[in-house]
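Chemist: One structure is given below, represented as structure tokens, and several questions about it will come after.
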Amino acid sequence: MMSQISNALSDFFFEYETPRQVLVRNRRVGVVCRLIQLGVLAYIIGWVFIYEKGYQSTDTAVSSVFTKMKGVGYTNIEGRERVWDVADYVFPPQGDSSFVVMTNYIITEGQKMGKCPELQGKHNCSSHADCEGGSFKRTGHGQMTGVCLNATKTCEVLAWCPVEDDVKIPDPPMLMSAVNYTLFIKNSVTFPLFGVSRSNLVENIDNAYISKCLYDPTDAPLCPIFRLGDIVKLSGFKFETIARVGGAIGIVVDWTCNLDVDVKHCIPKYTFHGLYGNAAETDQARASVGYNFRYAKHYLEDKEQKRTLLKVFGIRFDIIVQSLARKFDIIPTLTAIGSGVGIFGVATVVCDLVLLYLLPKREFYKNMKFKYTDSHVQPDSESLGIETSTYYTFEANARQVQGTGQSNDPDSEACSTETEVCKK
């Protein structure tokens, strides 16, 4: 028993098993095999290593964005001149990565809480029964009092009076001067995995350069100051169209960096995208065009609370930071190489299928590839009362003594080619 255990352990630790291989000389199968291997090699080198850079590890950035608008607008409505500065036309004013620049508006001044007629078309009536007291209409301006006003044929409402009339949108836009406003973007990114921090104020961008530069995709691609008219144009829209009813534009700051080279080459790239509608659309009947919201300024006049209501049409800017840094790492490199080597096995599988199932001599190749053995006990061994393996050992020794060492193995060297005939 101990000897059997010792032999088993010895076989386990000191023996090596290798798979059996059959060399097949067939031009068609050989060409197919090499073409598949060439395709796999091209995939590994071209796609995995060159395009996808599978030899590098990746990291995304932790980012912060700070913005500042500059510019002055001017309006003259019925002889009333007004100058609009940053505090008037930017919402919110904190310099966030998402903000709105007002380009058009409808103003309703001197509103106070009271009872007044609803706007025409909001809730028309012919009698008091059409105006249910205490109820609201979703598109209305206040709570109905139950009174139908004969003068306007609309329901009376408790609301901020006079109610806003926003049916007619000013055209051309009130603040067309916004085309020359400028936007300053300050963006900082950190790649924690690699311990690298960068800012869009890269090398050679100082106060003197910022004071005179203006972004241009060709001449000044790193300037952090953008003219609003240029942003809208680069996003594919016309400023006159988007300024009238408002819209949304995304400014993408792309940090795609290869940290295997000098870090000074890690610089941002700016792209601009219209985030609503289609610049080529001309259908004026489509629903919910543009972007707008309401903003009220409250004040006291003769101890009575009043407000000025602005329906603001503007361009919403969303600054989106995309980042991906890469650097050489031995772990993904070995993983990519290992997976590529494994894919080489596809050639073997395909060629085996061709040999065993498609070629005319498939039975011959099958006999060469597979060795069949009987699982039952041989009669000779049964009659001798010994194990099969011991019986075959005795038989081999006897053949060696008698000089009859001719092998019965169908896969012997004499039968290893198609042209030779096995002799019995």
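The values are calculated or read from the model by the stated rules, or taken from the named source; none is laboratory data. This structure is a prediction, so every number in the text was calculated from the model and none was measured. FYI the Cβ positions are ideal-geometry reconstructions off the backbone, even for glycines, and counts take in every protein chain you see.
Chemist: Working carefully through the options Gly140, Gly133, find the one that is touching a His at 6+ places or on another chain (Cβ under 8 Å) and without any contact (Cβ under 8 Å) to a residue 24 or more places away in the chain. Break it down into steps so the answer makes sense when it comes.
Modeler: Details: Gly133 fails: touching a His at 6+ places or on another chain (Cβ under 8 Å).
After applying the criteria, what remains is Gly140.
Chemist: Within the stretch 206-244, track down each residue that is in a helix (DSSP H, G or I), surrounded by fewer than 20 Cβ atoms within 10 Å (Cβ to Cβ) and either β-branched (Val, Ile, Thr) or outside the structural domain of His273 (by TED's automatic domain parsing) (or both).
Modeler: Listed by number, the residues that qualify are Ile210, Thr241.
Chemist: Then there is this: What about Gln94, is it closer than 27 Å to Ser211 by Cα and either without any contact (Cβ under 8 Å) to a residue 12 or more places away in the chain or in a helix (DSSP H, G or I) (or both)? Lay out the reasoning, then the answer.
Modeler: Values: closer than 27 Å to Ser211 by Cα: yes; either without any contact (Cβ under 8 Å) to a residue 12 or more places away in the chain or in a helix (DSSP H, G or I) (or both): yes.
Here the answer is yes, as Gln94 does meet what is asked.
Chemist: Restricting attention to the stretch 165-208, report how many residues are touching a helix residue (DSSP H, G or I) at 6+ places or on another chain (Cβ under 7 Å) and of a type in the set (Gly, Ala, Ser).
Modeler: Residues that pass the stated criteria total 1.
Chemist: Can you name the residue in the stretch 1-17 that is not in a helix (DSSP H, G or I) and not hydrophobic (A, V, I, L, M, F, W, C) and, of all such residues, is surrounded by the most Cβ atoms within 10 Å (Cβ to Cβ)? Walk me through it before giving the result.
Modeler: Narrowing the stretch 1-17 to residues not in a helix (DSSP H, G or I): 1, 15-17.
Now drop any that are not not hydrophobic (A, V, I, L, M, F, W, C), which leaves 15-17.
Working: Glu15: 7, Tyr16: 4, Glu17: 5.
So the residue we want is Glu15.
Chemist: Could you say whether any residue in the stretch 314-336 is assigned to a helix (DSSP H, G or I) and either over 24 Å from Gly54 (Cα atoms) or touching a helix residue (DSSP H, G or I) at 6+ places or on another chain (Cβ under 8 Å) (or both)? Please lay out each step first, then the result.
Modeler: Filtering the stretch 314-336 for residues assigned to a helix (DSSP H, G or I) gives 330-336.
Those still in the list that are either over 24 Å from Gly54 (Cα atoms) or touching a helix residue (DSSP H, G or I) at 6+ places or on another chain (Cβ under 8 Å) (or both) too: 336.
Checked against the condition, which is being assigned to a helix (DSSP H, G or I) and either over 24 Å from Gly54 (Cα atoms) or touching a helix residue (DSSP H, G or I) at 6+ places or on another chain (Cβ under 8 Å) (or both), the stretch 314-336 yields at least one hit.
Chemist: Something else about it: Cβ contacts < 6 Å: first residue touching a residue at least 40 places away in the same chain (Cβ under 8 Å) and under 22 Å from Gly134 (Cβ atoms), restricted to the stretch 151-174; second residue of a type in the set (Lys, Arg) and surrounded by fewer than 16 Cβ atoms within 10 Å (Cβ to Cβ), any location; separation 6+ or different chain. Result?
Modeler: Going by the 6 Å Cβ cut-off, the qualifying pairs are Glu156/Lys115; Leu158/Lys115.
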